[in-house]
1. Please work out whether segment 30-100 counts as rounded, prolate or oblate from its C-alpha gyration tensor, where a ≥ b ≥ c are the square roots of the eigenvalues and a/c under 1.5 means rounded, while otherwise a/b larger than b/c means prolate and anything else oblate?
2. Using the basic label-point model (7 angstrom from Cα toward the beta carbon), what is the E114 to A76 distance in nanometres?
3. At 7 Å along the Cα-to-beta-carbon direction for both R23 and R123, put a label point, then send me their distance in nm to one decimal.
4. Express in nm, to one decimal, how much length is gained between T56 and E83 on full extension, taking 0.36 nm for each residue of separation and deducting their alpha carbon distance.
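Every read-out reported here was derived from the displayed coordinates using simple, explicitly stated rules and does not represent laboratory data. Worth saying up front: this structure is predicted, and the values here are computed from it rather than measured. Note that we place each Cβ from the backbone using ideal geometry, even for glycine, and neighbour counts take in every protein chain shown.
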Amino acid sequence: MRLTTYTDYTLRVLMYLALHPGRIVTVGQIAAAYDVSAAHLNKVVRHLALSGEIETLRGRHGGIRLAKPPAAINLAAVVRGAEPDMNLAPCFAGADACVLGRCCLLQGALRRAEQAFMAELGRSTLAELIGPGGPTTGVFPMRAREHTRRLRHPRAVSRRSPGIVDQKTASAVPAPIR
């Protein structure tokens, strides 16, 4: 099973907000941190606001923040709300979709796998995605583009952080989402 980019962005927006508790954050700040399009994130934010996971604040000092504590946000509910459908195979679309008919047992096996996947997500909350240390300052110490540059050129010297980055350090930096 593969989650859509929309669902990935949904989870990452929630994670970013959980890592900045009590702060009002703009979509632009999140887009810059992950190096993704603010237009895509605006769609995600609208959906999350309608579902009640986040609050939006208008005005000059407006932005977004979590509407609930991270421990109250269930991952299965978030994924179900973000995914357009959870059909793992084309034969899930309807009774006549499978040419093998009743002799095919693949659909049953895939449904059980999907149920196990969602059950596991159902046992997890947003609070668990941000790690045991909880929110800290400086989670995004450098822009995502600098992470990308270091991944592509592990021995390059950065103007903002002098020194040579070795291969071990570069591989430990997560790549920005696309």
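1. It is prolate, given that a/c is not under 1.5 and a/b is the larger ratio.
2. Going by the 7 Å Cα→Cβ label model, 1.5 nm.
3. Using points 7 Å along Cα→Cβ, the separation is 3.3 nm.
4. 7.5 nm
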